[in-house]
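The block underneath contains the structure these notes are about, expressed in structure tokens.
The values are calculated or read from the model by the stated rules, or taken from the named source; none is laboratory data. The structure displayed is predicted, hence computed values, not measured ones. Reconstructed Cβ throughout: ideal geometry from the backbone, glycine too, with neighbour counts over all protein chains shown. Each accessible area value is taken on the protein alone, full model and side chains, heavy atoms only, with ligands, DNA and RNA left out. Shrake-Rupley method; radii C 1.70, N 1.55, O 1.52, S 1.80 Å.
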Amino acid sequence: GVYCYFGSCGLIAYDFDGKVLWEKRLPMAKTFRDFGTGTSPILFGDKIILDMHLDGDSHLLAVQTKDGKTAWTAPKPQFNGGWASPVVWKEGEEEMIGMLNASRFTAYDLKTGTERWWINGLPNQICATPVVSDGCCF
């Protein structure tokens, strides 16, 4: 399928002929000075991962590709601003998802959305998306 995120309405899944398979309505992003969202969804296995910027209700959202139903959410009441997209990598046998937001990079368990570790002290206005290569996250 083809999975698209539109900040004004949410996630929409299409087949390769352009037929809508499912739609998941989502609230519009609430961002610093209303700059809008700069995040993109990522596809990994049977999940679509999206960083939802909603002030105190911000969260990382995992959606099932087959039907658009929520697989899990990871709340981000703090350190939730920014315009980066999530990244995925492996730590040993564990699949991780990382999110760079204002002042913090956080790693989550890809299966459950559980916060695993984080790094504080990063810049407040984050626009860059991390890159993963050769087992390192840059």
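Tabulated data for the structure shown
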| read-out | value |
| --- | --- |
| For region 53-108: rounded, prolate or oblate by the Cα gyration tensor [a/c cutoff 1.5] | oblate |
| For L21, distant residues with modelled amide H under 5 Å away | A13, Y14, D15 |
| V88 accessible area, 1.4 Å probe, all protein chains in place, Å² to nearest 10 | 30 |
| Residue-normalised accessible area of the chain, given per residue in Å² at a 1.4 Å probe | 55 |
| Where only alpha carbons of region 7-69 are counted, the Rg and the Dmax (Å) | 12.5, 39 |
| Ranked order, C137, C127, C4 - accessible area, probe 1.4 Å, largest first | C127, C137, C4 |
| Lysine pair number, Cα distance threshold 27 Å (strictly under), region 1-126, separation 8 or more or different chains | 25 |
| Rel. contact order, % - alpha carbon contacts under 8 angstrom, at least six apart, the chain | 15 |
| FRET efficiency estimate (nearest 0.05) - Cβ-Cβ, M28 to I119, R0 25 angstrom | 0.30 |
| Area of H53 that stays accessible when all protein chains are in place (1.4 Å probe, Å², to 10) | 10 |
| Point-to-point label distance, K111-C4, nm (Cα→Cβ direction, 7 Å offset) | 3.5 |
| Value of Rg to Rh for the chain (Rh from inverse mean 1/r over Cα pairs, i.e. Kirkwood) | 0.95 |
| Max mean-square fluctuation residue, GNM over the chain, Cα-Cα springs under 10 Å, options I119, I49, I97 | I119 |
| Computed over region 77-138, Kirkwood Rh from alpha-carbon pairs, angstrom | 11.8 |
| Phi-based couplings in Hz for region 43-52 (Karplus 6.51, -1.76, 1.60; Gly and Pro marked x) | 10, 9, x, 9, 10, 10, 10, 9, 8, 9 |
| With all protein chains modelled, accessible area of D55 [1.4 Å, Å²] | 90 |
| 3J(HN,Hα) from dihedral phi, region 19-25, Karplus parametrisation 6.51/-1.76/1.60, rounded to Hz, x for glycine, proline | 7, 6, 8, 6, 10, 10, 5 |
| Accessible surface of the chain, 1.4 Å probe, proportion on carbon and sulfur as whole % | 53 |
| Residues whose placed amide H lies under 5 Å from that of T65, excluding near-sequence neighbours | K47, I48 |
| ³J(HN,Hα), Karplus 6.51/-1.76/1.60, whole Hz, each residue of region 107-120, x for Gly, Pro | 9, 10, 5, 5, 6, 10, x, 6, 5, 9, 7, 8, 10, 9 |
| Per-pair calculated FRET efficiency, R0 = 22 Å: K69 and L21 via Cβ, rounded to 0.05 | 0.95 |
